[in-house]
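Enquirer: Provided herewith is a single structure, encoded as structure tokens, for subsequent inquiry.
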Amino acid sequence: MENYAISLVSELKKYIGEFLGKEKLIVIAGHPGSGKTTLASSISLAAVSQGYKCLYISFQEPREKFYEETYGLSLNLEKYEKEGYFKFIKLPLISDEEMLDQLLSSITKEIVEFTPRVLVVDSISPLLKITSSSIKARSYLQNFFYELQKIVKGPVILIAELPFGKEQLEMGDIEFVSDVFLVLKHRVMRGLIARYMEIRKIRGYQLTLAEIPFSIQPQRGIVLLPPPILSEISEVREFIETPCRSLSISLPKLKKSMTIYYEYPAHYRVGEPGVLIPLLGMIISEFKKPVLFVTYKYPEESIRALFEEVIKQHASNSRVVDNALRNLVVKPINPYAYSLPELNAFENELVEQYDPAQVVFHDVGVLMSSTKDIENYMHLLQNQVFYFKKKGVMMARYASRINPLLSRINASISDVVLKAKCGKDCVDYKLYAWARFGKPQLLNSSEVSVCIREIIEELGKVVKD
């Protein structure tokens, strides 16, 4: 299977929809606030929207609060309650195991009267705590929930709390007899919550992806954020001649799926080399596809003004300027507003939306230096590189020279490396260029200017044609 992650996620996006109408025991465990109720509500909505009646039993959350929170996530279950497909009831918690039999009888009575095909119990943790000192009572409780799926003739979904700091649930044999066991977790990364769904078991699947990042978004509920993991590494091997003579030694041909790393000193303020790279992307697409410029630092107006200023210096044809600016799509993103998985997924969504010839990520050095989880960042980044290569999208990453380790990481994943260097005042600069398996080359600022002019002249031929 080419992309197992997407295949598995497509099943989870249906919220285990294939289990509807089948006798299955599903356990959703997680830390407080991790999204357990949201996921269970999403499964409930999937069920009732397909005509399956769903009974939702809560021991803690009142009815009004449940509907208020789920409605804010576009999970309008109250609508289906009015139509007779959904029922929410709150049962009182018991204080000791002697009242267990009475409580389980109440649950059975509700099932017999409403005849649901999906049952959610939120949560069983208080019951597990009450029966923790009695093996007999614990076994009775576990057998009751396991047998419920035969009465419901459909999935039974049990929600359980994980104490903070723990990732194991003391549920006894119910962990082993469950058909699906999901653990929702969250971590603090760069001061933001990063959420993960650990898939411990889906009976019938040979799991290779153990953890999927996700987010909880207003009006959307749970949104899965799988990285584009490809089982094979491939790329679009289409080339064009480099229109710039001064780069012809290190970069004689442009490959549509290449990855470029452009690095500059932290005090560097020269714009020409930065504009050079998107112009190469426009040469490849001949204005048929846009160049997507994702900036983590400046507003759109600043980026466009820089491009317009540099291009106008070298273009004699105003139509070239207009076409270049029209083909430049600038997306400013505050990277500190997203967890790393959310940011990665957002970037990939932009590529799907605009179908660009090239994507430029501006100022990734600041982003990379702010994360302590370099291993997870590299996992997302390398998979993104493979994904872009397969789609035939040129990737360019801009970074200021802050950390030597990050510099080496960026260079290692790139096909072409460009490094601008200058003195303290940066009155003049030099550009080092070398491609993988190619010869290194040194360009002075005049040669870079000539290179830009040659590319613009080539783009002028496209406009004329």
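Read the figures in this text as sums done on the coordinates, not as results from a lab. Note that this is a predicted model, so its numbers are computed, not measured. Methodologically, a virtual Cβ is constructed for each residue, glycine included, from the backbone with ideal geometry; neighbour enumeration extends over all protein chains shown.
Enquirer: Test of understanding: ordering Asp415, Asp363 by Cβ neighbours within 10 Å, fewest first, what list do you get? Please list the in-between numbers first.
Expert: Numbers: Asp415 20, Asp363 17.
Ranked by crowding around the Cβ, least crowded first: Asp363, Asp415.
Enquirer: Only bridges whose two residues both fall in region 239-464 count here: according to DSSP, what percent of them are antiparallel, nearest 5? Walk me through the numbers before you get to the answer.
Expert: Working: 14 of 38 bridges.
Expressed as a percentage, antiparallel bridges in region 239-464 total about 35.
Enquirer: If the only charges are +1 at each Lys and Arg Cβ and -1 at each Asp and Glu Cβ, what is the size of the charge dipole of region 4-224 around the Cα centre, to the nearest 20 debye?
Expert: Numbers: 28 positive and 26 negative charges, 127 e Å.
The dipole of region 4-224 has a size of about 600 debye.
Enquirer: Give the list, by residue number, of cysteines in the chain with no other Cys Cβ closer than 4.7 Å, or say none.
Expert: Result for the chain is Cys54, no neighbouring Cys Cβ within the cutoff.
Enquirer: In debye, nearest 20: dipole of the chain around its Cα centre with unit charges on the Cβ of K, R (+) and D, E (-)?
Expert: 960
Enquirer: May I ask for the distance between the Cα centers of region 417-435 and region 290-307, given as a whole number of Å?
Expert: That distance is 21 Å.
Enquirer: How big is the charge dipole of region 239-464 about its Cα centre, in debye rounded to the nearest 20, if each Lys and Arg gets +1 on its Cβ and each Asp and Glu gets -1 on its Cβ? Can you show the working numbers first?
Expert: Details: 29 positive and 24 negative charges, 122 e Å.
The calculation lands at about 580 debye.
Enquirer: Continuing with this model, one more query. How many percent of Cα pairs in the chain exceed 31 Å?
Expert: The calculated P(r) of the chain puts 52 percent of pairs beyond 31 Å.
Enquirer: Across 10 Å bins from 0, what is the distribution of all Cα-Cα pair distances for region 313-377, in whole percents?
Expert: Over region 313-377, the share of Cα pairs per 10 Å bin runs 16, 40, 26, 14, 4 percent.
Enquirer: Convert 20 °C to kelvin, take the viscosity as 1.002 mPa s, use the Kirkwood radius over C-alpha pairs of region 239-464 as Rh, and evaluate the Stokes-Einstein diffusion coefficient in µm²/s, rounded to a whole number. Could the numbers behind the result be given before it?
Expert: Numbers: Rh = 17.6 Å.
Translational diffusion coefficient: 122 µm²/s.
Enquirer: Sticking with this one: I'd like the Karplus ³J(HN,Hα) series for region 105-111: coefficients 6.51, -1.76, 1.60, θ = phi - 60°, whole numbers in Hz, and an x wherever there's a Gly or Pro.
Expert: Per residue, the Karplus-derived 3J(HN,Hα) values read 5, 5, 5, 4, 4, 4, 5 Hz.
Enquirer: What do the square roots of 5 times the Cα gyration tensor eigenvalues come to for region 4-224, in whole Å, largest first, as semi-axes of the equivalent ellipsoid?
Expert: On the way: eigenvalues 123, 90, 63 Å².
Largest first, region 4-224 gives 25, 21, 18 Å.
Enquirer: Pairs Lys312/Lys464; Lys153/Lys185; Lys253/Lys289: which exceed 22 Å Cα-Cα? Intermediate results must be reported in sequence, preceding the final value.
Expert: Numbers: Lys312/Lys464 17 Å; Lys153/Lys185 30 Å; Lys253/Lys289 19 Å.
In this structure, Lys153/Lys185 lie more than 22 Å apart at Cα.
Enquirer: Also: Where both residues lie in the chain, what percent of DSSP beta bridges are antiparallel, nearest 5? The partial results should precede the final answer.
Expert: Working: 32 of 81 bridges.
Antiparallel bridges: around 40 percent, rounded to the nearest 5.
Enquirer: Averaging the inverse of every distinct alpha carbon separation and then flipping it gives the Kirkwood radius. What is it for region 73-125, in angstrom units? Each step should come with its number before you reach the end.
Expert: Numbers: mean 1/r = 0.0777 Å⁻¹.
Averaging 1/r across every pair of different Cα atoms and inverting gives 12.9 Å.
Enquirer: Taking 0.36 nm per residue of sequence separation and subtracting the Cα-Cα distance, how much length would be gained by fully extending the chain between Tyr298 and Asn403, in nm to one decimal?
Expert: Working: separation 105, 0.36 × 105 = 37.80 nm, distance 2.12 nm.
Result for the pair: 35.7 nm of gain on full extension.
Enquirer: While we're looking at this one, here's another question. Sketch the reach of a paramagnetic label on Asp322 as a point 7 Å from Cα along Cα-to-Cβ, and name the residues of region 274-311 whose backbone nitrogen lies under 11 Å away.
Expert: So the set is empty, nothing qualifies.
Enquirer: For region 117-269, what is the per residue volume of the convex hull drawn over the alpha-carbon atoms, in cubic angstrom?
Expert: Values: hull volume 36.7 nm³, N = 153.
So the per-residue hull volume is 240 Å³.
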